[in-house]
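One structure is given below, encoded as structure tokens.
Every number here is computed from the coordinates shown, using simple stated rules; none is lab data. It should be emphasised that the depicted structure is a prediction, and the values quoted were computed from it without experimental measurement. Note: ideal-geometry Cβ built from the backbone for every residue, glycine included; neighbour counts use all protein chains shown.
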DNA sequence: ATGACTCGCTAATGCGCATTATCACCAGGA
DNA sequence: TCCTGGTGATAATGCGCATTAGCGAGTCAT
């Protein structure tokens, strides 16, 4: 329509009419005019095949994003991801097709995997399959994990929350308030995020000289002699407060209860727990920023974002009287 | 690695080794073996370029999907959309890049529009630009709108909520309880969904012989002599109940307040309004189903889903005493 | 007039796949 | 021997773009 070659259109479209290749202003305007009239848009697929960027970022989650159960978990991250993608002019591809078998969780790699359609990918999930990570690395798929991940045949690019620092800070606070015997309730392993919390705890008690008590569940808590307890799960925190009150133990005066941010099981409470805030939205934003960086210059950037401490009202100075 | 041609691999990979084309079992197994060993996955981009199908469904929204303000509105639809896409083995592409200018709403068509990357597109929004709709139609972009839309140079494929029927049913209920003067508070125009509500109202009063009073806002309500009021917005409903109580009017005994499902302004209330439920999730599901259908056989399917009436506690028989 | 150079554009190629037409081979019948 | 038919594979092509080498025309200096 403009009486020029496909090449010329391509050049005009990509603003490559500078330096090496030249297109006269006249021709350029003619092409642009026709493009405007017809609303022509280059096929992104062909574009991508010819090895140019798509401006599409993949978002992989092991569970559905929207349903209520997982929405609470994923939502804050996604707010940040969407914000940042919008600013970067990128579209988001949700890999909803990844479920092969009903009842199972999604899989990153399947025979029909489309991760490669995206320029890069943000990985979201409480835990991530180690094999998947290793394969992403070895196949050179550009990606960034939201949440710290251990090496998987190589360093994994991630943006995580600085749990060790946050938990340690809480322990130090408790110690400063006179607590000498502090319990940690939770698995402390499985996911990196849990291991990190436990590490923060261990470091904290070591640094303050307090005595740390590890408990897999809240069961032995009241016999442990602890005056403060840190719990991974919000739900556990609620349960502990409940149980304490039933035993006539005042919270926080007789038992301080700190919550370490995990919120797997949805639970309602209006208790204003002392603990910290996981900067989920910021993590989402940063993940996209790092992904952009990876796309441009490669590498495996790793970053921990600080968690803001929440004052709350479940931490109090230890009582002086012996229990 | 298997000592065969690219063609053979393609055939094996796509299970095309039947009927027309034949591959010996021996060769097939050898190829499959290598595929398993190497974890080879066909490049989805090239695949799409070659056969013009992506199994990617676009989701266009005029505002960001995730942030809290719009999340309440979009979320239920998206649950349905994701569910259905997962079942259909499709990925979802969120057009987050559509925002060209900060502060403005997104646009479907821009110079960089990537809608065509998806096989088809689901359109989500309180209102949709008529020009955009017309262009989608004329450019033959397969799409389905969530929410009924007026023709735009042709019939627009949609799945909507049957507001006329639901509103009419509410009017009839009110009339059956003795209400003879019924008010409608709201714009009743602008978006199709509002026009549909108003139409249901008009039909309802006509059918029952009641007297309909239209009010653009709640202002003149208490002078109108209406014993029952229908309001588009939940927020308005809350405000009306509040105002009524301040005037010493009991709800529902002296004034029935029915809410027509719109929930633009987020508002907290524990009033159990009589009204109806918009089947948002089901609309999302159905939209994807219709889109699939459009992709397969074209056409412009249009469908209205019934709204379930909510009994609630803000509708009561009219008092016999004259006011 | 001839070479050197610039300007503006295009032909040709490749990306990785799906698809189609075709080919080499062997067996069996005339 | 020649033909037919079936079997199992492949060479070639195109999808729509980006990229690169190169071409014709004009300009300028020698």
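Taking the label point 7 Å along Cα→Cβ, residue B:298 and its counterparts in the other copies are spaced 4.9 nm apart, in ascending order. According to the square roots a ≥ b ≥ c of the eigenvalues of the Cα gyration tensor, what is the shape class of region B:155-267, taking rounded for a/c under 1.5, prolate for a/b larger than b/c otherwise, and oblate for the remainder? Cα axes put region B:155-267 in the oblate bin.
At residue B:220, label 7 Å along Cα→Cβ: distances to the other copies, nm, ascending? Between copies, matching label points for residue B:220 lie 7.6 nm apart. Of all beta bridges that DSSP places with both ends in chain A, some 10 percent have antiparallel geometry. Model label sites at residue A:214 and residue B:207, defined 7 Å from Cα along the beta-carbon direction, differ in position by 6.8 nm.
As a length-normalised measure over Cα pairs under 8 Å and 6 or more apart, the relative contact order of chain A settles at 18 percent. Can you tell me the 0 to 90 degree angle between the C-alpha axis of helix A:25-38 and the longest principal axis of chain A, rounded to 10? So the helix axis and the longest Cα principal axis differ by about 70 degrees. Taking B:120, B:58, B:209 as the candidate residues, the one with maximal mean-square fluctuation in a Gaussian network model of chain B, Cα springs under 10 Å, is B:209.
If a/c stays under 1.5 just call it rounded; otherwise compare a/b with b/c (prolate if a/b is bigger, oblate if not). Do that for the protein assembly as shown, with a ≥ b ≥ c from the square roots of the Cα gyration tensor eigenvalues. Oblate. Compute the long axis of helix B:234-246 from its Cα atoms, compare it with the longest principal axis of the Cα atoms of chain B, and write down the angle in degrees, 0 to 90, nearest 10. In chain B, helix B:234-246 runs at an angle near 20 degrees to the longest axis. Across peptide A:62-68, the mean count of Cβ atoms from other chains lying within 10 Å of each residue's own Cβ comes to 5. Exposure proxy ranking for A:184, A:62, based on other Cβ atoms within 10 angstrom of each Cβ and starting from the fewest, stands as A:62, A:184.
Per residue of peptide A:81-91, the mean number of Cβ atoms on other chains within 10 Å of the residue Cβ is 5. Sorted from shortest to longest, the distances between the residue A:150 label points of this copy and the other copies are 6.3 nm, with each point 7 Å from Cα along the line through the beta carbon. Using the alpha-carbon centroid of each, what span in Å lies between region B:189-260 and region B:60-122? Cα centroid to Cα centroid, the span is 34 Å. Over chain A, with a Gaussian network built from C-alpha contacts below 10 Å, which listed residue (A:30, A:149, A:53) shows the highest mean-square fluctuation? Top of the fluctuation ranking is A:30.
Counting beta carbons within 10 Å around each of B:230, B:25 and listing the fewest first gives the order B:25, B:230. Panel order for A:297, A:145, A:70, B:138, by other beta carbons found within 10 Å of each beta carbon, from fewest to most: A:297, B:138, A:70, A:145.
Quick check: the angle from helix A:280-297's long axis to the longest principal axis of chain A, C-alpha only, nearest 10 degrees? Helix A:280-297 sits roughly 40 degrees off the main axis of chain A. Peptide B:29-40: average number of partner chain Cβ atoms within 10 Å per residue? Rounded to a whole number, the mean comes out at 1.
Once Rg and the Kirkwood radius are both taken over the C-alpha atoms of region B:3-109, their ratio Rg/Rh works out to 1.18. For chain B, a Gaussian network of Cα nodes joined below 10 Å ranks B:64, B:218, B:42 by mean-square fluctuation, and the top entry is B:42.
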